[in-house]
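K.L.:
Dropping a structure here in structure tokens format, bear with me for questions.
The values are calculated or read from the model by the stated rules, or taken from the named source; none is laboratory data. What you are looking at is a predicted structure, and each value in this text was computed from that prediction instead of being measured. Cβ atoms come from the backbone with ideal geometry, glycine included; neighbour counts cover every protein chain shown. These area figures cover heavy atoms from the full protein model, side chains too; ligands, DNA and RNA do not enter into them. Shrake-Rupley method; radii C 1.70, N 1.55, O 1.52, S 1.80 Å.
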Amino acid sequence: VEGDKRYYLQASLDYSRLFAQKHRVGVFAMVYQQETTDVNFDESDLMGSIPHRNLAYSGRFTYAFQDKYMAEFNWGYTGSENFQPGRQFGFFPSISGAWVPSSYQWTKDKMPWLNYFKVRASYGLVGNDRITDKRFPYLTSINVNGSATTNWKYTKGGIWENSIGADNLEWEKAKKFDVGLEGKLFDKFEFVIDFFRDTRDGIFQERKQVPDFVGLVNMPFGNVGSMVSWGSDGNITFNQRINKDMEFTLRANFTYSTNKVNYYEEGDTKYEYTSATGRPNGYMKGYIALGLFKDQEEINNSPKQDFGSYLPGDIKYKDVNGDGVVNSD
């Protein structure tokens, strides 16, 4: 048999009303529950038979005055079986607001070509519970009959902690900020532009600064990583009607995104420029080419390249640390 067995429940309440033709109010509440069981779990892994469970309560309140000023508050209280009791739930609120200056009568009279214009901003907190493929990473697993090598000695038939549980395991959290512009001009052009910044903390990663003399077979994990990403995206659309039976649309879009690791736990690096902290996530490291060797004299007067023989016409690499040798450092 293939597939999962899944139970799903969702219930919601929604209310909206316009008061005195000025005040638009909306309220929304929802409860969501899901349980998924893998029917093809490996019988040697009993944890595979334990269902994945999520329970979430969420709500939203919106208010708009004359459809010119808008505000919204969202919240979510979300639980996951992946965390230990007492830490299973996380509270994640957000707030947003918008202003529509094109709704003013003055704007309609003075700038009739501005069909619609909106400025909006939002800030909120979101959580991620799928921080690892391992089930219940807060638990410590014990190997009762096996062999392993530590810095102390090789052991066989011993009992040790095969994996160290993350006692302080918690949700990975991201603070999200966004500013956006929307508009329509001359009944032809439409555009949407967003600028965003996300700061993610509590990234689950392997600890690298536990001393070897502790004698662990495997290093523990923890919510220690942090990174920030930012950028912009948007699109612009042009609509043109040729006659009553034909029209065409042109659309262009763009995305720019970059990031930087605020903290990545690693062993002490010999040189700062080999550290992952302070650089883009997953950035490429390698030799820096300066050009080609012109002749043997230039080779003799350049740092030694410690990875095989080379002749005039071969690539000349930069000695980054200035020690007179170009190698893996």
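K.L.:
Just read off the accessible area of GLU161 with the full protein assembly in place, 1.4 Å probe, to the nearest 10 Å².
P.N.:
Only protein atoms counted, so the area is about 90 Å².
K.L.:
Once the principal axes of the Cα atoms of the chain are found, what is the range along each, listed largest first in whole angstroms?
P.N.:
So the three principal-axis extents are 80, 64, 38 Å.
K.L.:
Can I ask one more? Determine which residues of region 180-217 fall in the zone a paramagnetic label at TYR256 would reach in this model, i.e. backbone nitrogen under 14 Å from the point 7 Å along Cα→Cβ.
P.N.:
Under cut-off, by backbone N: 193-197.
K.L.:
Can I ask one more? Keeping all protein chains in position, work out how much accessible area LEU55 exposes to a 1.4 Å probe, and write it in Å² to the nearest 10.
P.N.:
Result for LEU55: roughly 50 Å² accessible.
K.L.:
Kindly report, to the nearest 10 Å², the accessible surface of ARG279 as traced by a 1.4 Å probe over protein heavy atoms only.
P.N.:
Estimated to the nearest 10 Å², ARG279 gives 50 Å².
K.L.:
Step through the residues of region 73-89 one at a time and calculate ³J(HN,Hα) from phi using the Karplus curve (6.51 cos²θ - 1.76 cosθ + 1.60, θ = phi - 60°), rounding each to whole Hz and writing x for Gly and Pro.
P.N.:
Those phi angles translate into 10, 10, 8, x, 10, 10, x, 9, 6, 6, 10, 6, x, x, 10, 6, 10 Hz.
K.L.:
Please name which of TYR273, GLN105, THR237 has its Cα lying farthest along the dipole of the chain towards the positive end, using unit charges on Cβ (Lys, Arg +1; Asp, Glu -1) and the Cα centre as origin.
P.N.:
GLN105
K.L.:
Could you pull the Cα extents of region 1-89 along its three principal axes, largest to smallest, in whole Å?
P.N.:
Largest to smallest, the principal-axis extents are 65, 30, 17 Å.
K.L.:
Rounded if a/c is under 1.5, else prolate if a/b is larger than b/c, else oblate: which is region 222-329, with a ≥ b ≥ c the root eigenvalues of its Cα gyration tensor?
P.N.:
Taking the square roots of the gyration eigenvalues as a ≥ b ≥ c, region 222-329 is oblate.
K.L.:
Continuing with the same structure: Which cross-chain or sequence-distant (5 or more) residues have an amide H under 5 Å from the amide H of THR140, H modelled 1.01 Å from N in plane?
P.N.:
Residues meeting the amide H criterion: GLY165.
K.L.:
For THR199 and TYR263 in the same chain, what is the full-extension length gain: residue separation times 0.36 nm, less their Cα-Cα distance, in nm? Numbers along the way, then the final one.
P.N.:
On the way: separation 64, 0.36 × 64 = 23.04 nm, distance 1.16 nm.
Extra length available between THR199 and TYR263 comes to 21.9 nm.
K.L.:
List the lysines whose Cα lies under 16 Å from the Cα of LYS108, skipping any in the same chain that are fewer than 8 positions away.
P.N.:
LYS68, LYS118, LYS184
K.L.:
In addition: How many angstrom lie between the C-alpha centres of region 179-232 and region 80-113?
P.N.:
Here the answer is 20 Å between Cα centres.
K.L.:
Quick check: convex hull of the Cα atoms in region 54-197, volume per residue, rounded to a whole Å³?
P.N.:
Working: hull volume 22.7 nm³, N = 144.
Normalising the Cα hull of region 54-197 by residue number yields 158 Å³.
K.L.:
Exactly which chymotrypsin sites (Phe, Trp or Tyr not before Pro) in region 1-104 are in a DSSP loop and have at most 13 other Cβ atoms within 10 Å?
P.N.:
Listed in order of number, the matching sites are PHE41, TYR104.
K.L.:
Straight-line reach only, C-alpha to C-alpha below 16 angstrom: list the lysines that LYS208 could link to, leaving out same-chain residues fewer than 8 apart.
P.N.:
LYS208 reaches LYS270.
K.L.:
Okay, next question. For region 119-275, build the convex hull from the C-alpha positions and give me its volume per residue in Å³.
P.N.:
Working: hull volume 29.0 nm³, N = 157.
Spelled out: Cα convex hull of region 119-275, divided by residues, is 185 Å³.
K.L.:
Suppose every K and R has +1 on its Cβ and every D and E has -1 on its Cβ; what is the size of the dipole of the chain about the Cα centre, in Debye to the nearest 20?
P.N.:
On the way: 38 positive and 42 negative charges, 321 e Å.
Using only the charged Cβ atoms, the result is roughly 1540 debye.
K.L.:
Order the following by accessible area, largest value first: GLU272, GLU266, GLU170. Probe radius 1.4 Å; ligands, DNA and RNA are ignored. Don't skip to the end; give the middle numbers.
P.N.:
Numbers: GLU272 125, GLU266 40, GLU170 70 Å².
If we order GLU272, GLU266, GLU170 from most to least accessible, we get GLU272, GLU170, GLU266.
K.L.:
Using a 1.4 Å probe, what is the accessible area per residue for the chain, in Å²? Don't skip to the answer; put the middle values down first.
P.N.:
Values: 21540 Å² over 329 residues.
So the chain comes to 65 Å² accessible per residue, rounded to a whole number.
K.L.:
How large, in percent, is the carbon and sulfur part of the accessible surface of region 197-320 at a probe radius of 1.4 Å?
P.N.:
Details: 4360 of 8430 Å².
Accessible surface attributable to carbon and sulfur in region 197-320 totals 52 percent.
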